[in-house]
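Since the structure comes first, as structure tokens, the remarks are kept for the end.
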Amino acid sequence: MLHLNFSPFPILETDRLRLRQIVETDAEQMFQLRSNPETMQYIPRELPKTIDDAIAHINYMNDLRLNNECVNWGITFKDEDIIVGLIGYFRPKPENHRAEIGYMLSPDYHGKGIMQEALTRVIDYGFNDLKLHSIEAITAPENYASWKLLEKNDFIREGHFKEDTYWNGRYLDSYVYSLINKK
């Protein structure tokens with residue numbers, strides 16, 4: 001069984017990006033990101049209505065991290081410390097050496113290779129630092145950009161679950177992807 005430990009917080013870098021901890025002073029940026037209907041259109045979660053909702057979410061995610069139940073990075077540029085997206089590992093299954101990856105990016109930054117760069121670094125961290133054997137990703141079938149990104153990074157679609165999630169009075173389908181560490 002894996003023994004995950006996200007303390008101290010693991011700051012990751014790429015050529016352009018710094019993936020860092022999200023703190024309460026990021027509440028305005030988190031609110032802008034998570035209250036944007038376009039950003040959240042494929043994520044069945046309640047949109048924050050106030051800055052206090054964003055602060056509560058930040059604190060919730062940090063509490064999960066302190067319990068080693070997830071790690072969630074704010075995606076920033078090295079030369080500009082503004083969160084433009086999120087990426088992280090959720091719902092780890094230490095007994096199976098597996099965790100789920102999730103991400104979102106402000107629409108203002110789509111098509112610039114940012115999520116590709118962040119995803120590559122976080123996959124590397126998952127396999128080399130966390131010692132994961134596999135990484136899972138769940139996406140909406142309608143979220144073409146997400147599942148194309150996963151496929152570009154060698155994730156394999158393992159399943160198409162029909163109406164497996166109930167959200168806002170509708171049943172939604174899910175694609176489940178997996179990437180196995182072959183090293």
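Structure data summary
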item	result
Pairs where the first residue, in the range 153-176, is free of Cβ contacts under 8 Å to residues at least 60 places away in the same chain and the second is among the basic types (Lys, Arg), C-beta under 7 Å, 6+ apart	ASP173/LYS162; TYR175/ARG157
Subset of the range 13-52 (residues that are at pLDDT 95 or above and aliphatic (A, V, I, L, M))	LEU17, LEU19, ILE22, VAL23, ALA27, MET30, LEU33, ILE51
Breaking point among (1) without any contact (Cβ under 8 Å) to a residue 40 or more places away in the chain; (2) surrounded by 19 or more Cβ atoms within 10 Å (Cβ to Cβ); (3) over 21 Å from SER7 (Cβ atoms); (4) of a type in the set (A, V, I, L, M), for ILE114	(1)
All positions within the range 1-22 that are part of a loop (DSSP other than H, G, I, E, B) and either within 16 Å of the chain's Cα centre (by Cα) or aromatic (Phe, Trp, Tyr) (or both)	PHE6, PHE9, PRO10, ILE11, ILE22
Search result, residues across the range 71-98 that are under 17 Å from GLY126 (Cβ atoms) and in contact (Cβ under 8 Å) with a residue 60 or more places away in the chain	VAL71, TRP73, LEU86, ILE87, PRO92, PRO94, GLU95, HIS97
Every pair of residues 6+ apart whose Cβ atoms lie under 9 Å, when the first sits in the range 130-152 and is farther than 16 Å from CYS70 by Cα while the second is assigned to a helix (DSSP H, G or I) and open to solvent by 30 Å² or more (accessible area, probe 1.4 Å)	HIS133/ASN96; THR139/TRP147; ALA140/TRP147; PRO141/TRP147; LEU149/GLN116; LYS152/GLN116
The range 117-163 - residue that is farther than 26 Å from PRO10 by Cβ and in a strand (DSSP E or B) and, of those, least open to solvent (accessible area, probe 1.4 Å)	GLY159
Failed criterion for MET30 (all others in (1) open to solvent by less than 20 Å² (accessible area, probe 1.4 Å); (2) more than 25 Å from THR139 (Cβ to Cβ) hold)	(2)
Test result for GLU136, within 16 Å of the chain's Cα centre (by Cα) and among the charged types (D, E, K, R)	yes
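The values are calculated or read from the model by the stated rules, or taken from the named source; none is laboratory data. Everything quoted here is computed from the prediction, not taken from an experiment. Please note: Cβ atoms are built from the backbone with ideal geometry, for glycine as well, and neighbour counts cover all protein chains shown. SASA here: full protein model, heavy atoms, side chains in, ligands and nucleic acids out. Shrake-Rupley method; radii C 1.70, N 1.55, O 1.52, S 1.80 Å.
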